[in-house]
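**Student:** Here you go, one structure.
The values are calculated or read from the model by the stated rules, or taken from the named source; none is laboratory data. Every value quoted in this text rests on a predicted model; they were computed, and no experiment measured them. Using ideal geometry, Cβ is built from the backbone for each residue, glycine included, and neighbour counts are taken over all protein chains shown.
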Ligand code: SF4
């Protein structure tokens, strides 16, 4: 993601001796928030943010290290920076984020040429770290800014948004108390820690005052919010308070752990006019043996009942999920059960991960690890089944009228989303005519589909 896509946050500074910082933001929305905080700290310290990370005095790479493909992507970004450093285009390389937290000093053994490795707990000192690294002479060993404990829930106010001003992520907590057998996140990000509600509300008000009309609430386990603060129904309370912020129009709940979606939460969503009827709940699998082995708190029976309940309780509910294929010892029959369930559940959007045996996780040591070829075949089968479902669901919207939030507007057309399309991960609505400016809402009629995208005509 490139923060210079947003001209509103282009920084132009005139200084005597300009030191430029390039920034590479990788990873999930939680990491995007960390990147936005770091960008703000760097900009506030007088460093000039450069749109070209290959030609900056310092490049900061905020990495993701949650699964092997994310680690590979991060390592590739580091290697690229090292190539530019060798050519003399970059002076120093600072690696921050989840991969730094996960690998620590081992990262410098894997790749030579990094100047600093910064753990999650030191996010807010990124500007001081960059200045320190710049002052130091060349060294073969990187400086380590690692703490033993991850940072926990921090204050994310005052961010420099990577997202357009009219929508933003609102992180409500850090870490996770669940222990899914395949997941490295609790080891990287630590125990679940809610941000105090007032801090979340102040941040939401700040984002709204700066033009955000849509907030996507994010966490590792969103419906766990507030339990560590002693709040009963913390997420329900939080959305009721967020609803009171005048200029907000859409509040979106991401990463709801299915076993934690109870009647009170569904009733609260139904009662809050601004909370969109969009449920993102990663189920991972449907077979009870696999769910148990994954240490998930869900069962097939509960998941099926929950989906029916959501659809009964929330008018026009749009459902997104994530599944994992190729878990150790997943049999053909267990995979067929998952496929059959996907056909039944008819999710509007679905992401599919291939199991990856991450070092340090329980599932990495399980017997019955499957060949990559089988994982690929199963992932392909899931995605081709889901494509037909998604297309049919989209076709079912033809002739219906929706309120569309405009994301991009040009003389020959606009791009927007209806409430069932989350920013960046879902499809979009294409409007062949010029409409409102980004951040504006219009009413439109769906007239067709282009692949996964809807085509709509303003009314
Ligand atoms: S709920 Fe499970 S998969 Fe999600 S972050 Fe926590 S441990 Fe990982």
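**Student:** Every residue in the range 418-450 that is over 13 Å from residue 407 (Cα atoms) and part of a strand (DSSP E or B), please.
**Tutor:** 443, 444, 445, 446, 447, 448, 449, 450
**Student:** Continuing with the same structure: I'm trying to understand the selection: among the residues of the range 50-81, which are closer than 19 Å to residue 135 by Cα, without any contact (Cβ under 8 Å) to a residue 60 or more places away in the chain and surrounded by fewer than 22 Cβ atoms within 10 Å (Cβ to Cβ)?
**Tutor:** Correct list: 55 only.
**Student:** Give just the number: which of (1) within 16 Å of the ligand (Cβ to nearest atom); (2) out of contact with any helix residue (DSSP H, G or I) (no Cβ under 7 Å at 6 or more places or on another chain) does residue 172 not satisfy?
**Tutor:** (2)
**Student:** Return only the number of the condition from (1) within 16 Å of the ligand (Cβ to nearest atom); (2) touching a helix residue (DSSP H, G or I) at 6+ places or on another chain (Cβ under 7 Å); (3) in a strand (DSSP E or B) that residue 217 does not satisfy.
**Tutor:** Every listed condition holds for residue 217 apart from (2).
**Student:** A further question on this structure: Any idea which of (1) under 17 Å from residue 176 (Cα atoms); (2) outside any loop (DSSP other than H, G, I, E, B); (3) in contact with a helix residue (DSSP H, G or I) (Cβ under 6 Å, 6 or more places away or on another chain) is the one residue 256 doesn't satisfy?
**Tutor:** The failed condition is (2).
**Student:** Between 203, 214, which is modelled with pLDDT of 95 or more and out of contact with any strand residue (DSSP E or B) (no Cβ under 6 Å at 6 or more places or on another chain)? Quick ask: steps written out before the conclusion?
**Tutor:** Numbers: 214 fails: out of contact with any strand residue (DSSP E or B) (no Cβ under 6 Å at 6 or more places or on another chain).
Going through 203, 214 in turn, just one is modelled with pLDDT of 95 or more and out of contact with any strand residue (DSSP E or B) (no Cβ under 6 Å at 6 or more places or on another chain): 203.
**Student:** Right, another one. Give just the number: which of (1) out of contact with any helix residue (DSSP H, G or I) (no Cβ under 7 Å at 6 or more places or on another chain); (2) within 16 Å of the ligand (Cβ to nearest atom); (3) farther than 30 Å from residue 276 by Cα does residue 121 not satisfy?
**Tutor:** Every listed condition holds for residue 121 apart from (2).
Residue-wise test of (1) farther than 29 Å from residue 181 by Cβ; (2) touching a helix residue (DSSP H, G or I) at 6+ places or on another chain (Cβ under 8 Å); (3) without any contact (Cβ under 8 Å) to a residue 40 or more places away in the chain; (4) outside the structural domain of residue 319 (by TED's automatic domain parsing).
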residue	(1), (2), (3), (4)
376	no, no, yes, no
388	yes, no, yes, no
414	yes, no, yes, yes
428	yes, no, yes, yes
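**Student:** Applying the selection to the range 176-203, what residues are part of a loop (DSSP other than H, G, I, E, B), near the ligand (Cβ under 9 Å from one of its atoms) and free of Cβ contacts under 8 Å to residues at least 60 places away in the same chain?
**Tutor:** 176, 177, 192
**Student:** Identify the single condition in (1) under 28 Å from residue 439 (Cβ atoms); (2) free of Cβ contacts under 8 Å to residues at least 24 places away in the same chain; (3) within 16 Å of the ligand (Cβ to nearest atom) that residue 256 does not satisfy, given that it satisfies every other one.
**Tutor:** That leaves (2) as the condition not met.
**Student:** Still on this structure: How many residues are within 19 Å of residue 218 (Cβ to Cβ), away from the ligand (no atom under 16 Å from the Cβ) and touching a helix residue (DSSP H, G or I) at 6+ places or on another chain (Cβ under 7 Å) if we restrict to the range 241-253? Write out each step before concluding.
**Tutor:** Within the range 241-253, the subset within 19 Å of residue 218 (Cβ to Cβ) is 241-243, 245, 248-253.
Applying the additional criterion that residues be away from the ligand (no atom under 16 Å from the Cβ) yields 241-243, 245, 248-252.
Subsequent filtering for residues that are touching a helix residue (DSSP H, G or I) at 6+ places or on another chain (Cβ under 7 Å) retains 241-242, 245, 248, 251.
Of the residues in the range 241-253, 5 are within 19 Å of residue 218 (Cβ to Cβ), away from the ligand (no atom under 16 Å from the Cβ) and touching a helix residue (DSSP H, G or I) at 6+ places or on another chain (Cβ under 7 Å).
**Student:** Restrict the check to the range 220-227 and report whether at least one residue is touching a helix residue (DSSP H, G or I) at 6+ places or on another chain (Cβ under 7 Å), within 10 Å of the ligand (Cβ to nearest atom) and over 21 Å from residue 323 (Cα atoms).
**Tutor:** no
**Student:** Being within 18 Å of residue 183 (Cα to Cα), crowded, with 22+ Cβ neighbours inside 10 Å and away from the ligand (no atom under 15 Å from the Cβ) narrows it down to one residue among 290, 286, 279; which is it?
**Tutor:** Details: 290 fails: away from the ligand (no atom under 15 Å from the Cβ); 279 fails: within 18 Å of residue 183 (Cα to Cα).
It is 286.
**Student:** Also, quick follow-up: Report those strands (runs of 3 or more DSSP E) wholly inside the range 1-103 carrying at least 1 residues which are at pLDDT 90 or above and within 18 Å of the chain's Cα centre (by Cα).
**Tutor:** Numbers: elements: 20-25, 48-50, 58-63, 92-97.
It comes to 20-25, 58-63, 92-97.
**Student:** Moving to a separate point now. Look at the range 259-276 and say how many of its residues are within 25 Å of residue 402 (Cβ to Cβ) and within 15 Å of the ligand (Cβ to nearest atom). Even if it seems obvious, please write down each step before you answer.
**Tutor:** Looking only at the range 259-276, we keep the residues that are within 25 Å of residue 402 (Cβ to Cβ), and these are 261, 265-276.
Within this subset, residues satisfying the condition of being within 15 Å of the ligand (Cβ to nearest atom) are 261.
Adding up the residues that qualify gives 1.
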